[in-house]
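Enquirer: The following block contains the structure, expressed as structure tokens.
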Amino acid sequence: MEGSVIGFPRMKVVNSHNYADWKIKMEDLLIFKDLHEPVEREQIPRRVLEYEWKLLKRKAVATIRQCVDV
């Protein structure tokens, strides 16, 4: 199944055959949308409030879920 994410039209839905390519593109998408920090970091940065961090994390998760075929 192919799909796309709004703002990033070539993003495919991950499956067992395209994970390596999907992973690279997903990293690029998260960086493009400034959503990579919650995925890469385990602790909340000092400069960010907890509720802001939770919102960023939810946005990152929602973006990833749009590209996973369940």
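The values are calculated or read from the model by the stated rules, or taken from the named source; none is laboratory data. Just so you know, these numbers come straight off a predicted model, no measurement behind them. Glycine also receives a Cβ, built like all others from the backbone with ideal geometry; neighbour counts cover every protein chain displayed. To get the accessible areas, we keep the full protein, side chains included, count just its heavy atoms, and leave off ligands, DNA and RNA. Shrake-Rupley method; radii C 1.70, N 1.55, O 1.52, S 1.80 Å.
Enquirer: Between residue 50 and residue 69, how many nm apart are label points set 7 Å from Cα along the C-beta direction?
Expert: A separation of 4.0 nm, rounded to one decimal place.
Enquirer: Order the following by accessible area, largest value first: 41, 47. Probe radius 1.4 Å; ligands, DNA and RNA are ignored. All intermediate terms of the calculation are to be shown ahead of the outcome.
Expert: Values: 41 105, 47 165 Å².
Most to least solvent-accessible, the answer reads 47, 41.
Enquirer: OK, next. Could you report the accessible area of residue 34 in Å², rounded to 10, computed with a 1.4 Å probe on the protein chains as they sit in the structure?
Expert: Only protein atoms counted, so the area is about 110 Å².
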